[in-house]
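The values are calculated or read from the model by the stated rules, or taken from the named source; none is laboratory data. The shown structure was predicted, so the numbers you read here are calculated from the model rather than taken from an experiment. Cβ placement follows ideal geometry from the backbone for every residue including glycine, while neighbour counts extend to all protein chains displayed.
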Amino acid sequence: MLSRGESWIKSEYEAALSAKKEKYCAQAVRALGITDASFTNAQSAVVEQKCIYYRTNIESSGMSSACVVERVKGESLLGAFYLAPVIFSADKKLPIEDRMELAYDGLVLESFQARRPEFGWLIHGNKFKATRLRIGDQIAKARKVVDSIKKHGSNSPRIMLKRHCHVCEFASACRAKAIEKDDLSLLVGISPKEIEAQNKKRIFTVTQYSQTFRPRKKFRKAPPFNLRTLVLRERKMHLYGTTALPMTSVQVYLDVEGDPKRNF
């Protein structure tokens, strides 16, 4: 959608995440003394060796990235050095989405300097600690994603609701299309692999999938997806397995909030 110039209203959650990240990045840039630099050619990239981080805009092969890079000794098209990507995170753990962002920056740099950066840097925590991350394999995955996007071009890809849809500005639009199609991805927790397996059986909608449920004597730990679709279709509650409700004189409810990214 973005490749066609479309836009939507960003969710409050997405806006809050973006504001949090931008604030941390600004603090890190000031603390580390990161300055702007141009790496258009070897001659214009004369910078001091003691300063390793720079903020720059890079475009190559139809890709672009406004990123922070590290200047590393080694041969590339730029000369006797090459660039490695740097990403910022206030959290102790780096989510897979941020790792892919780091890999994408590495992919742009690989195309720009004709050398793949095997490592990138994560600047994180209140003290802006630098941790080196291996990204060679992730760059290959990022390339597949970019190639897939280029392959679709102006054509709309297949709607596939996923767990990270809540941070996307197109979430409501995609969900409306999925509801209209009665798409299998409406089922929370179903994997693309399971959807593909059902598609091979000529099952493409929630209604079709619900008609495949057959009661069994032996139950699995979790209700199967076709039973969940049956609940949606009939709008009835189904009891799966045997249920025992514990009855005690004292009932205690405990609600604990935490942040797993900070081990808190």
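Right, V108: closer than 19 Å to A26 by Cβ and either assigned to a strand (DSSP E or B) or of a type in the set (A, V, I, L, M) (or both) or not? Even if it seems obvious, please write down each step before you answer.
On the way: closer than 19 Å to A26 by Cβ: no; either assigned to a strand (DSSP E or B) or of a type in the set (A, V, I, L, M) (or both): yes.
No.
Residue by residue through the stretch 234-257, note down the ones that are under 16 Å from T212 (Cβ atoms) and either at pLDDT below 80 or not in a helix (DSSP H, G or I) (or both).
Taking the stretch 234-257 first, the residues under 16 Å from T212 (Cβ atoms) are 234, 238, 240.
Of everything in the stretch 234-257, those that are under 16 Å from T212 (Cβ atoms) and either at pLDDT below 80 or not in a helix (DSSP H, G or I) (or both) turn out to be H238, Y240.
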Selected residue [touching a residue at least 60 places away in the same chain (Cβ under 8 Å) and loosely packed, with under 13 Cβ neighbours inside 10 Å] from P215, P260: P260
Given R143, R132, R175, R163, which one is charged (D, E, K, R) and assigned to a loop (DSSP other than H, G, I, E, B)? R163
Looking at (1) more than 26 Å from A15 (Cβ to Cβ); (2) in contact (Cβ under 8 Å) with a residue 24 or more places away in the chain, which is the one condition that is false for E118? (2)
The listed residue being closer than 30 Å to E14 by Cα and either outside any loop (DSSP other than H, G, I, E, B) or not basic (K, R) (or both), out of I190, I203: I190
If you scan the stretch 75-103, which residues turn out to be part of a helix (DSSP H, G or I) and either of a type in the set (S, T, N, Q) or surrounded by fewer than 21 Cβ atoms within 10 Å (Cβ to Cβ) (or both)? I96, E97, D98, R99, M100, E101
Counting only residues in the stretch 187-209 that are within 19 Å of the chain's Cα centre (by Cα) and among the hydrophobic types (A, V, I, L, M, F, W, C), the one surrounded by the most Cβ atoms within 10 Å (Cβ to Cβ) is identified as I190
